[in-house]
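The values are calculated or read from the model by the stated rules, or taken from the named source; none is laboratory data. Fair warning: this is a prediction, and the values are worked out from it, not measured in the lab. Here the Cβ is made from the backbone with ideal geometry for all residues, glycine too, and neighbour counts use every protein chain on show.
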Amino acid sequence: MKTSPETSFPHRHLLGIEGLSPLDITMVLDAADGYVDQSRRVDKTSDLMKGLTVINLFFENSTRTRTSFEAAAKRLGADVINMTVASSSIKKGETLIDTAMTLNAMHPDVLVVRHGNSGAVQLLSDKVDGAVINAGDGRHEHPTQALLDALAIRRRVGRLSGLTVAICGDIAHSRVARSNIQLLQIMGARVRLIAPPTLLPPKAERFGVEVFTDMRGGLHDVDIVMMLRLQLERMQGSFVPSVREYFRYFGLDREKLSYAKPDALVMHPGPMNRGVEIDSELADDIDRSLIRDQVEMGVAVRMACLDILTRPLREGVAA
Ligand code: NCD
C-alpha cells in the first residue's frame, strides 16, 4: 500500500507540539475519534500493530500516562515492555544514552519516553532506530497530553478555533502548559495564562498569550479553564505562601468559575490535589468538568499516535 499525502504524517517521532501543523494535529485527533469508539467496544483489541514492539521507558513517576500508553499499545495488538527507572539511580547523559542503546538493540518499533530533564527525549531520539514519543520531558513538552486535551474539548464543544482558554496555576514548571499553549494557538484558539507572579515563566508574554495575575480578570468570559497541579517536585524552595492561601486566590471553585462564560468547562491533567488547585465537588461535576473525559481520551490519542507513527513501517511491510 502506498502512503498518500493525506494519510502521511511528516514526522518520524512525536517529540513535541512545536513543529506540528494544523493538518498534523487534525490527523491525530480524527484517528483518535475512531479509537474512542474501539475503546468503548466489549472487544477492544485489534491486530493493527501485531508483531510490533513498544517499550515504555519511564525515568519519572507516572500513573495515567504510563498505563494509558500501555493500554493503547495492547489495544492495537502490539507487544509492550514497561521499564520504570527510579530517577535517583540515573546519572544524566551517559546513562540515558547507554540505556537507549541497550534498548535499541532489542529492536523496539516505538519507544515511549518520560524523563525529568527537558531535552532528554530529543537526545535519545537521535540514537535509536524506532519512533520516539515524548511522554513528558522536564518542564519542556508533553505532546500527547495537549492532544488529548484538544480531543476532549473538540468532542464536547465541537471546535477549538475561536475559543478562549485560560491555563491557570503552576505554569512555570509545567510541560502540559507549554504543549497546550502551542497546540491551542496552532488550532486558532486564544490562550490566557493566570498565575501568581512566582509561578509564571519569565517574560510569559513572549508565548503570544495574555497574562493575568488574578483569577477574576483572567477568567472573564473564557470558554475553557485548564487547571494545573502545583509541581512541588520541580520547585526548589517554596513558591506559594501556603496551600490554603493558594486555594483562596488561585484554586478553582464555583465562585471563581462564575467569572467565566456560563457554560465554561473545567479541565485538569491530573494528578490533582483536591482542595489545592480545584474544589473537589467541581472536579467531579460531569456537566462542567472534562477531567474524566481527559483520561478516556488519553488512551484514544495514544492509540492514534502509535498507529500514525508506525504507518510507514506497516505499509512498508504490506507493500
Ligand atoms: C502531567 C505531567 O506529568 O506532566 N500529568 C500527566 O501526564 N497526567 C501533569 C502533572 O504531573 O501535574
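The residue of the range 43-83 that is nearest to His268 (Cα to Cα), among those that are of a type in the set (Gly, Ala, Ser) and more than 16 Å from the ligand (Cβ to nearest atom), is Ala73. Of all the criteria given as (1) of a type in the set (S, T, N, Q); (2) under 27 Å from Asn117 (Cα atoms); (3) within 16 Å of the ligand (Cβ to nearest atom), the one not satisfied by Thr310 is (3).
Taking into account only those residues within the range 93-144 that are assigned to a helix (DSSP H, G or I) and free of Cβ contacts under 8 Å to residues at least 12 places away in the same chain, which is nearest to the ligand (Cβ to nearest atom)? Taking the candidates together, the pick is Thr95.
The requirement of being within 15 Å of the ligand (Cβ to nearest atom), free of Cβ contacts under 8 Å to residues at least 12 places away in the same chain and either more than 29 Å from Ser21 (Cβ to Cβ) or outside any helix (DSSP H, G or I) (or both) is fulfilled somewhere in the range 230-250, by at least one residue. Exactly one residue out of Gly130, Gly158 is at positive phi and either at pLDDT 95 or above or not charged (D, E, K, R) (or both): that is Gly158. Output the residue which, of all residues in the range 186-208 that are assigned to a loop (DSSP other than H, G, I, E, B) and among the small types (Gly, Ala, Ser), is surrounded by the fewest Cβ atoms within 10 Å (Cβ to Cβ). If we take residues in the range 186-208 being assigned to a loop (DSSP other than H, G, I, E, B) and among the small types (Gly, Ala, Ser), then Gly208 is surrounded by the fewest Cβ atoms within 10 Å (Cβ to Cβ). Checking the structure you have, find out if any residue of the range 298-309 is outside any loop (DSSP other than H, G, I, E, B), surrounded by 19 or more Cβ atoms within 10 Å (Cβ to Cβ) and of a type in the set (Asp, Glu). Checking the range 298-309: at least one residue is outside any loop (DSSP other than H, G, I, E, B), surrounded by 19 or more Cβ atoms within 10 Å (Cβ to Cβ) and of a type in the set (Asp, Glu). Screening Ile167, Ile171, Ile153 for residues that are part of a strand (DSSP E or B) and either within 14 Å of the ligand (Cβ to nearest atom) or in contact (Cβ under 8 Å) with a residue 40 or more places away in the chain (or both) leaves exactly one candidate, Ile167.
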